[in-house]
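**Student:** Here it is: the structure, laid out below.
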Amino acid sequence: MKNLAIAVSAAVMTLASVGAHANTGFDKLDMNGDGYISIEEAKADEGLLAQFNELDADQDGQLSQAEFDNYEG
């Protein structure tokens with residue numbers, strides 16, 4: 001019974017953290033869910049589009065979560 005309580009607690013905490021992350025600005029802009037924001041997806045946010053090239057530190061044409069975290073929009 002103790003193991004079940006621990007497993008349920010862990011599952012609830014995992015779902016809570018996933019739920020909190022799912023509503024971030026990054027996830028809303030990452031429309032295809034591939035883990036990156038493309039230039040096409042960035043067009044949904046005018047400020048992000050204006051800063052896109054500056055934020056794209058590795059110049060691969062897409063923003064990772066880490067690169068997006070530098071966005072001041």
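Each reported figure results from applying straightforward, stated rules to the coordinates on display, with no laboratory input. The structure presented is a predicted model; accordingly, all values stated were derived computationally and were not measured. We place every Cβ from the backbone using ideal geometry, glycine too, and count neighbours over all the protein chains shown.
**Student:** Work out the FRET efficiency for Met31 and Glu54 from their Cβ-Cβ distance, taking R0 = 25 Å, and round it to the nearest 0.05. It would help to have the intermediate numbers written out before the result.
**Tutor:** Numbers: r = 22 Å, r/R0 = 0.87.
With a Förster radius of 25 Å, E is 0.70.
**Student:** Something else: Points 7 angstrom from Cα along the Cβ direction at Glu72 and Glu46: gap in nanometres?
**Tutor:** 2.0 nm
**Student:** Can you list residues from other chains, or at least 5 along the same chain, whose modelled amide H is less than 5 Å from the amide H of Leu63?
**Tutor:** Counting only residues 5 or more places away or on other chains, the set is Ile37, Ser38.
**Student:** Would you tally the net charge around Lys28, using a Cβ to Cβ cut-off of less than 11 Å, leaving Lys28 out, and scoring K and R as +1, D and E as -1? Numbers along the way, then the final one.
**Tutor:** On the way: positive: none; negative: Asp27, Asp30, Glu41, Asp45.
My count for the surroundings of Lys28 gives -4.
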